[in-house]
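Participant: Quick one: the structure is below, questions incoming.
The values are calculated or read from the model by the stated rules, or taken from the named source; none is laboratory data. Note that the structure is a prediction, hence the values are computed from the model and not measured. So basically every Cβ, Gly included, is an ideal-geometry build from the backbone, and we count neighbours across all protein chains shown. The protein model used for the area step is the full one, side chains on, heavy atoms only, and it has no ligands, DNA or RNA in it. Shrake-Rupley method; radii C 1.70, N 1.55, O 1.52, S 1.80 Å.
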Amino acid sequence: MKIGLLTSGGDCPGLNAVIRGAVLNGVKTYDDEFVGFRDGWRGLVEDDIMDLPRTKVRGLARTGGTILGTSRTNPYDGPHGGPENISIVLEKNQIDAVVAIGGEGTLAGARRLADAGLPVVGVPKTIDNDLNGTDYTFGFDTAVQIATDAMDRLRTTGESHHRCMVAEVMGRHVGWIALHSGMAAGAHAVLIPEQQVPMTQVAEWAKEVHDRGRSPLVVVAEGFIPEGFDEVMHDKGVEKDGRPRLGGIGEYVTREIEKLTGIETRNTTLGHIQRGGSPTSFDRVLATRFGMNVVDLVHDKEWGKMVALHGTDVVRVGFHEALDSGLKEVPQDRWEEAKTLFGR
Ligand code: F6P
């Protein structure tokens, strides 16, 4: 078969490992040929394609980013978007299947195309770990590790100066990165989009910690909304698709803690550092397995499905099943569990 791969949406450590896993399994097991669409759906709708021979994927598992490039282009946008034109591109290049590697937006586009009868399957990807249908997505473990390392560093400088340190991490709709990195680093408060907490409570947690001689560490996900506010705080404008460009809540939380407690407080926003660089070994293994397994899915012609991790098994899940129930939020019991560690 001739299989086309694309990586779409925000990049994520492990994308290259998926590409390598797919090419190696396809070439070795099925004698497949591979091509890559440049910059996500854009490459497919605009017929911008590169060859992906086995030599191109050498040593890729340990590299960050994506050799295919990525964008947030929607496959239905623009003069060439939509299933009819995409079918023409596939036929012209004699491509038998499309593997879309991406997060919720990408997989929603893939679902629409598969529903329209196109041979499309998916691989779930997001550092936020917010996709239902899979226990974990690759990239999440790397982001948590990067954030944890950063917080370990914040703690030593915080302790030296007897300051409160605030770390803002990614997490637009869900707080998985904040919860896991915060717990790993021994944070004294973790603020996530799923839970509205009043700033007076955050200040109280910080004060309790300071009063017992420690330097408080507060972790805040970029999508956290303090109690009393209606929507997420952002002052960096919006993207072309109307999505607010997040980042800034850490500064607000910092100012409020300092105002309410008198403790000198500093903010650090980790931003895209969490998405860059080499994947952890966990993410390399998960991404490689996803890549290998999605090629088997293609050969079984199970269009409209994606690979997913259930426990330690890689399984197949329909796009509808994975997407229809919304995003995977941090459940109440995980929040309550973490809360025991906050404050005093
Ligand atoms: O991939 C998801 C995500 O990391 C969000 O947590 C974050 O809000 C967003 O990407 C940032 O996207 P961009 O790279 O377009 O600024």
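Participant: With the crude spin-label approximation of a point 7 Å out along Cα→Cβ, what separation in nm comes out for Arg62 versus Tyr76?
Facilitator: In this crude label model, Arg62 to Tyr76 measures out at 4.3 nm.
Participant: Additional query: If contacts are Cα pairs under 8 angstrom and at least 6 residues apart, what is the relative contact order of the chain in percent?
Facilitator: Numbers: 801 pairs, mean separation 78.3, N = 344.
Result for the chain is 23 percent.
Participant: Further question: Once ligands and nucleic acids are excluded and a 1.4 Å probe is used, how much of Trp41 is accessible, expressed in Å² to the nearest 10?
Facilitator: For Trp41, the solvent-accessible surface is approximately 0 Å².
Participant: Next question, about the same structure. Probe radius 1.4 Å, ligands and nucleic acids ignored: give me the carbon and sulfur share of the accessible area of region 84-185 as a rounded percent.
Facilitator: Reported share for carbon and sulfur atoms: 45 percent.
Participant: Among the GluC sites (Glu not before Pro) within region 162-236, which fall in a DSSP loop and have no more than 12 other Cβ atoms within 10 Å of their own Cβ?
Facilitator: The qualifying sites are Glu227, Glu231.
Participant: So which of Lys2/Lys328; Lys125/Lys328; Lys301/Lys328; Lys28/Lys328 end up more than 25 Å apart, counting from Cα to Cα?
Facilitator: Beyond 25 Å: Lys2/Lys328; Lys301/Lys328; Lys28/Lys328.
Participant: Stokes-Einstein at 10 °C, 1.306 mPa s, Kirkwood radius from Cα pairs: D for region 142-273 in µm² s⁻¹? Please report the intermediate quantities before stating the final value.
Facilitator: Details: Rh = 14.5 Å.
Taking Rh from Cα pairs, D becomes 109 µm²/s.
Participant: Could you give the nm distance between label points at Asp230 and Arg245, where each point is 7 Å from its Cα heading toward the beta carbon?
Facilitator: Using points 7 Å along Cα→Cβ, the separation is 2.5 nm.
Participant: How compact is the chain by the rule of thumb for globular proteins, expressed as Cα Rg over 2.2 N^0.38 Å?
Facilitator: On the way: Rg = 21.5 Å, N = 344, 2.2 N^0.38 = 20.2 Å.
Ratio of Rg to 2.2 N^0.38 Å for the chain: 1.06.
Participant: Also, quick follow-up: Beta carbons within 10 angstrom, averaged per residue: use that to sort the peptides 10-18, 61-69, 234-242, 258-266, highest first.
Facilitator: Those peptides, ordered most packed to least, come out 10-18, 61-69, 258-266, 234-242.
Participant: Quick one: angle between helix 281-299 and the longest Cα principal axis of the chain, in degrees between 0 and 90, rounded to 10, please.
Facilitator: Once rounded, one gets 30 degrees.
Participant: Before I look further, what does the chain give for accessible area per residue, probe 1.4 Å, in whole square angstrom?
Facilitator: 42
Participant: Rounded to the nearest 10 Å², what accessible area does Thr106 show when all protein chains are kept and the probe is 1.4 Å?
Facilitator: 10
Participant: Give me the three principal axis extents of region 252-304 from the C-alpha atoms, as integers in angstrom, largest value leading.
Facilitator: Principal-axis extents of the Cα atoms in region 252-304, largest first: 63, 25, 15 Å.
Participant: A further question follows. Below 26 Å, Cα to Cα, which lysines can Lys207 reach? Residues fewer than 8 away in the same chain don't count.
Facilitator: Straight-line reach from Lys207, under 26 Å: Lys259, Lys339.
Participant: Shifting gears a bit: Can you give the calculated 222 nm mean residue ellipticity of the chain, where each DSSP H run of n ≥ 4 adds -39,500 (n - 2.57) and the sum is split over every residue, rounded to the nearest 500 deg cm²/dmol?
Facilitator: The helix-only estimate for the chain comes to -11500 deg cm²/dmol at 222 nm.
Participant: Taking Cα centroids, how far is region 31-69 from region 93-127 in Å?
Facilitator: 15
Participant: With all protein chains present, calculate the accessible area of Phe229 using a 1.4 Å probe and round the result to the nearest 10 Å².
Facilitator: 80
Participant: Further question: Just how many % of Cα pairs in region 216-313 lie over 16 Å apart, if you round to the nearest whole percent? Please list the in-between numbers first.
Facilitator: On the way: 3422 of 4753 pairs.
Percent of Cα pairs beyond 16 Å in region 216-313: 72.
Participant: Keeping all protein chains in place and using 1.4 angstrom, which order do Arg20, Arg153, Arg275 fall into by accessible surface area, from largest down?
Facilitator: Putting Arg20, Arg153, Arg275 in descending order of accessible area: Arg153, Arg20, Arg275.
Participant: Using the Karplus equation 6.51 cos²θ - 1.76 cosθ + 1.60 (θ = phi - 60°), what ³J(HN,Hα) coupling, rounded to whole Hz, does each residue of region 184-191 give in order, writing x for Gly and Pro?
Facilitator: So the J values, rounded to whole Hz, are 5, 8, x, 5, 9, 7, 10, 10.
Participant: Let me ask another. With every protein chain kept in the model, how would you rank Ser87, Ser281 by accessible area, 1.4 Å probe, largest at the top? Numbers along the way, then the final one.
Facilitator: Values: Ser87 40, Ser281 85 Å².
Per-residue accessible area, sorted high to low, gives Ser281, Ser87.
Participant: Aspartates and glutamates near Lys240 by alpha-carbon distance under 16 Å, same-chain residues fewer than 8 away left out - which ones?
Facilitator: Excluding near neighbours in sequence, the set is Asp77.
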